[in-house]
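The values are calculated or read from the model by the stated rules, or taken from the named source; none is laboratory data. A quick note: this is a predicted structure, and the numbers were derived from the prediction, not measured. Don't worry about glycine lacking a Cβ; one is built from the backbone with ideal geometry, like all the others, and counts go over all protein chains shown.
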Amino acid sequence: MELRQLETFLTIVREGSFVKAAEKLQYAQSTITIHIQQLEAELGVKLFARQGKQMQLTEAGKALWEQADALRQRAVALQQAMQEIIAGDAGHIRLGAIEPTASLRLAPLLIAFSHEFPKLQLTLEVGNAAMVNPRVSSGDLDFAISSPPESHTGLAFEPLFFEALSILLPEHHPLAHKEPLEAADLKGQRILLTDRGCGYRAVVEKALLSQGVNPFSGIEMGSIEVIKQAVQGKWGSRCFQVLQ
């Protein structure tokens, strides 16, 4: 069923004849007839019956008349939605992001994006790299802002920015004011680590192990905010990322 066929049907009913519908739509009368024949063939029913010189709706025609305008409006709305998607003005974008990038960087960018593309629906999922990267692979997310994925995932990675790694220490910790502070200085310190799904953890472990520092204190935390509070409570030191 094509939109133009519905439009022709509606116009015939409103104008009262095939001739007037042809004039209204600026079609040849033969085109009007073809549209109705195609519509009847597709539906498998007769929509009009001739009574003398007039065309009357059949029962099937009356049933279509009750639904046709709503169908036409939905079809027009669907066409418009498709055109907006093609033009990039509408659709649904599913974005993943890791912390602290999501909290510290994304809010102003997403606000500006929504102002520029108000019809686009945007969904943000926040998690660690082990959570968001597989969801990009499976197609559940369109893309993610994350640390580099493992090579076997088949994902493409494009660097957007670089973050420095720093040490978060209690204010009065003996190492708090040491400059420069080397990884080897952390020997014997209790180091609070993020969970294993965090992309930064592997970087921290590699850096410390290369200097003979054992980073495994038996304490893992999935929240950077909780780690900050733990350090403030003098529970330990923690290698973590700070924005440049």
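Would you mention how many residues in region 51-74 are in a strand (DSSP E or B) and surrounded by 11 or more Cβ atoms within 10 Å (Cβ to Cβ)?
Keep residues of region 51-74 that are in a strand (DSSP E or B), which gives 51, 54-57.
Then drop every residue that is not surrounded by 11 or more Cβ atoms within 10 Å (Cβ to Cβ), which leaves 55-57.
Qualifying residue count for the region: 3.
Please find, within region 214-243, the residue that is modelled with the lowest pLDDT out of those that are of a type in the set (S, T, N, Q) and in a strand (DSSP E or B). Spell out the reasoning first.
The initial filter retains those residues of region 214-243 that are of a type in the set (S, T, N, Q), namely 214, 217, 223, 229, 232, 237, 241.
Now restrict to residues that are in a strand (DSSP E or B): 237, 241.
Values: SER237: 61, GLN241: 45.
Result: GLN241.
Would you point out which residue out of LEU95, LEU141, LEU124, LEU160 is modelled with pLDDT of 90 or more, in a loop (DSSP other than H, G, I, E, B) and over 30 Å from LYS187 (Cβ atoms)?
Of LEU95, LEU141, LEU124, LEU160, the one residue that is modelled with pLDDT of 90 or more, in a loop (DSSP other than H, G, I, E, B) and over 30 Å from LYS187 (Cβ atoms) is LEU141.
Conditions: (1) assigned by TED's automatic domain parsing to the domain that holds ASP140; (2) touching a Leu at 6+ places or on another chain (Cβ under 9 Å); (3) of a type in the set (A, V, I, L, M). ILE98 meets all but one. Number of the miss?
(2)
GLY188: out of contact with any Ser or Thr (no Cβ under 7 Å at 6 or more places or on another chain), at positive phi and of a type outside the set (Phe, Trp, Tyr), yes or no?
So GLY188 passes the test.
Just the residues that are surrounded by 16 or more Cβ atoms within 10 Å (Cβ to Cβ) and among the polar types (S, T, N, Q), please, taken from region 102-159.
ASN128, ASN133, SER146, SER147
Which count do you get for residues in region 36-81 that are in contact with a Phe, Trp or Tyr (Cβ under 8 Å, 6 or more places away or on another chain) and touching a residue at least 60 places away in the same chain (Cβ under 8 Å)?
Residues meeting the conditions: 1.
Restricting attention to region 170-213, report how many residues are in a loop (DSSP other than H, G, I, E, B) and either of a type in the set (Val, Ile, Thr) or touching a Gly at 6+ places or on another chain (Cβ under 9 Å) (or both).
Within region 170-213, residues that are in a loop (DSSP other than H, G, I, E, B) and either of a type in the set (Val, Ile, Thr) or touching a Gly at 6+ places or on another chain (Cβ under 9 Å) (or both) number 9.
Within region 127-138, track down each residue that is in a helix (DSSP H, G or I), in contact with a helix residue (DSSP H, G or I) (Cβ under 8 Å, 6 or more places away or on another chain) and not small (Gly, Ala, Ser).
Within region 127-138, ASN133, PRO134 qualify.
Tell me, yes or no, whether region 107-117 has at least one residue that is assigned by TED's automatic domain parsing to the domain that holds SER147, under 43 Å from the mean Cα position of the chain (by Cα) and in a strand (DSSP E or B).
No, there is no match, as no residue in region 107-117 is assigned by TED's automatic domain parsing to the domain that holds SER147, under 43 Å from the mean Cα position of the chain (by Cα) and in a strand (DSSP E or B).
Checking the structure you have, find out if any residue of region 105-126 is under 30 Å from GLY212 (Cβ atoms) and of a type in the set (Lys, Arg).
Start the filter on region 105-126 by keeping residues that are under 30 Å from GLY212 (Cβ atoms), which leaves none.
No, there is no match, as no residue in region 105-126 is under 30 Å from GLY212 (Cβ atoms) and of a type in the set (Lys, Arg).
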